[in-house]
Amino acid sequence: MTETKTPTHPLNGITINIRGVKCFDNDGSGFFHFAPITFIIGKNNSGKSTILDVLQECTKPETPMFQGPLSRAGTAPLIEIKGRPDENRLKSAFPERVSGGEIHGNHWRYAKEKFSPYSFIWAFDQERHAKPRDTDGNLENCLPAAVSKLERCFNFPFSGLWDTRIRAERDVRPEKRATNRELDSNGSGLTNLVRAFINSEDLPRELVEVHLLRDLNEIYLGDSKFSEIICQEHEASGTWEIYLREEGKGDIRLSQSGSSLRTVFLVLAFLRLYPKVKKTGSAARLIFCLEEPENNLHPALLRRLIDFLAQQREKRNFSLVITTHSPICIDLATKRDDATILHVKREKNRTICANVLDYAGQTSILQDLDVRGSDILQANGIIWIEGPSDRIYIKKWIEIVSHGELREGVHYTFMFYGGKVLKHFDALPPEELPKKVAMLAVNRNMAVVIDSDRRPKASRTKTGRQRRPNMRLNATKKEIIRQVKDQGGFAWVTAGKEIENYIPNRIWSQVAGKALKIEDEYTDIPKIPALSELALTKVDLAHKAERLIGLDAISGHLDLECAINELCRHVRTWNGLK
């Protein structure tokens, strides 16, 4: 018989209760544990990210934990951990050859009888000082002097571990040369780090040119084949840019590629490159945290990314912690022996956590997230969009134009195709699609919204007027537009560069807090200095702008009024409304 090997990882055996930190009250989160792969699942703002905050705080060098906004008002932050006393520390505190004094008889014999066999709850304060307590009454009849010594007999289990975190909002951009080689959780510093590995003599360039490239091709197997990773400097701006050389396509700017490719590249950089720069040593001390990997990832690509991370985790013995809303991740977790689902939810005005170990618990997660097996198939129509910020604007415009009649989740729903992921889709009938995802198989009623990606050019007409720039639609987008129209759907290509260009200048000025001069509808709105300095994501900007949008922000602004009316007409048709 083959012996089952227990997976090892840094969080192995740690059972934890979080008290007085952000959403967790004085009673705490409830005790929960980590598996080699832990999927943290719950509604938005339920507390998933707080658990990652706690892991970050616990793995910091010996500095006070939970300062500032992490501390819940009116509470004293504590981390409670279940475990037995450390045998070596116990022997040091209670020497075998010492007897008498405040502890009657032989000290080690006393400790071996009273403490050694039992697990206690160790409450660590902000200074990592431990106080033992128990729920079985084992300490009630112990001598105070012995209990005082016991406090020194449990190691803080996070000491010596280190944490890597990739946030849900992440991006890759051109960057100027820097010497700090830091890589931020939102992707800032990635370009400079890759530049350093390729061009600096003190770093092994093969980590990028061989290992990272191989990992990238493994994840994208069957979709893309990259032959080289390059980092070049733009002479005029002095910034560096990462390029991927793809067979048949030449050099592709990573910053201009689909968000899914940027996410995968960032994950690989944190896994392959950053440990070398930070000199963290063995990955067996690493807690690798990834927030919402499903953002703009095609389902098949998401599965391959998680599978790749799971393989790397098994080879290198780090802990993998993933926050997600994705039913795909739930499905993966239920099929793996090395994974657990940690459900974070609100119950009786408290935030609590629990490991889901059975089918009933898994069902409660789907109910909590309002995931239903028939949701997509029974939706009356789907509006396919590139990303979450598009949803915020289009939902608002539909609400205004339809006077609140047409509602998301009732009359229509959104699905994301995330830029380059679109090439995996077709709007042909399902029987004609042996290798791609059929939009019609998901729902026969559909609309698709595509950014034109127009950018201004210097060329002018004979009258001196500047020519309208051409749309930057690739062959995939053109084919999707044709197919959607042929099937009676609605294909909307933005008149400006992207969806943000439909928002009037006065609204962006209100968001920025000062007057803005936006040259034309081809301006990259999120990169306007007055807006980018706010350090907001595209989703944050969308929420701020959405509050200011009224009917007057739709009428007469490019083709917006016409496009929204046409979209609403299709939605009404899907639902049998006049």
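The values are calculated or read from the model by the stated rules, or taken from the named source; none is laboratory data. Treat the numbers as computed from the prediction; the structure is a model and nothing was measured. Don't worry about glycine lacking a Cβ; one is built from the backbone with ideal geometry, like all the others, and counts go over all protein chains shown. Accessible surface areas use protein heavy atoms only, side chains included; no ligands, DNA or RNA. Shrake-Rupley method; radii C 1.70, N 1.55, O 1.52, S 1.80 Å.
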For the full complex of protein chains and a 1.4 angstrom probe, list Arg152, Arg303 by accessible area with the highest value first. Arg152, Arg303
Neighbours of Leu297 by Cβ distance under 10 Å: Lys/Arg at +1, Asp/Glu at -1, summed charge 0
Would you work out the charge dipole size for the stretch 1-153 about its Cα centre, treating the Cβ of every Lys and Arg as +1 and the Cβ of every Asp and Glu as -1, and quote it to the nearest 20 debye? 180
Residue-averaged [θ]222 nm for the chain, counting only DSSP H segments that reach four residues, each worth -39500 (n - 2.57): -8500 deg cm²/dmol
So, relative contact order of the chain in percent, Cα under 8 Å, 6 or more apart, is 13
Over the stretch 172-321, calculate the relative contact order: mean separation of alpha carbon pairs under 8 Å at least 6 apart, over the residue count, as a percent. 20
Taking all protein chains together and a probe of 1.4 Å, list His557, His129 from the most accessible to the least accessible. His129, His557
For the table Lys278/Lys517; Lys249/Lys527; Lys131/Lys315; Lys249/Lys335; Lys60/Lys335; Lys131/Lys345, the rows whose alpha-carbon distance is greater than 31 Å are Lys278/Lys517; Lys131/Lys315; Lys249/Lys335; Lys60/Lys335
Treating cross-link reach as a plain straight distance, find the aspartates and glutamates whose alpha-carbon is under 13 Å from the alpha-carbon of Lys544, omitting any fewer than eight places away in the same chain. Glu500
How much of Ile328 can a 1.4 Å solvent probe reach, expressed as accessible area in Å² and rounded to 10? 30
Return the percentage of antiparallel bridges among DSSP beta bridges fully within the chain, rounded to the nearest 5 %. 55
Of Ala168, Asn565, Thr413, which is farthest towards the positive pole of the chain's charge dipole, taken about the Cα centre with +1 and -1 on the beta-carbons of Lys, Arg and Asp, Glu respectively? Asn565
Looking at the stretch 62-122, which GluC sites (Glu not before Pro) are DSSP coil and have at most 12 other C-beta atoms within 10 Å of their C-beta? Glu62, Glu96, Glu102
Just one of (i) 218; (ii) 179; (iii) 161 is volume of the Cα convex hull per residue in Å³ as worked out from the coordinates here. Which one is it? (i)
Going residue by residue through the stretch 335-343, the Karplus relation 6.51 cos²θ - 1.76 cosθ + 1.60 with θ = phi - 60° gives ³J(HN,Hα) values, rounded to whole Hz and with x marking Gly or Pro, of 9, 10, 6, 9, 10, 9, 9, 10, 8
Dipole of the chain, positive direction: furthest Cα of Gln311, Trp240, Pro95, with charges on the beta-carbon: Trp240
I'd like the accessible area for His411: 1.4 Å probe, protein heavy atoms, all chains in place, Å² to the nearest 10. 30
Probe 1.4 Å, all chains present, heavy atoms only: Leu207 accessible area in Å², nearest 10, is 30
Among Ala35, Ala130, Ile287, which residue has its Cα positioned farthest towards the positive end of the charge dipole of the chain, with +1 placed on the Cβ of Lys and Arg, -1 on the Cβ of Asp and Glu, and the dipole taken about the Cα centre? Ile287
Placing unit charges on C-beta atoms (Lys and Arg positive, Asp and Glu negative, everything else neutral), compute the dipole magnitude of the stretch 224-368 about its Cα centre in debye, rounded to 20. 500
Listed residues Ser255, Ser159 arranged by accessible area, highest first, probe 1.4 Å: Ser159, Ser255
How large is the charge dipole for the chain, taken about the Cα centre, if only the Cβ atoms of Lys, Arg (+1) and Asp, Glu (-1) carry charge, to the nearest 20 debye? 780
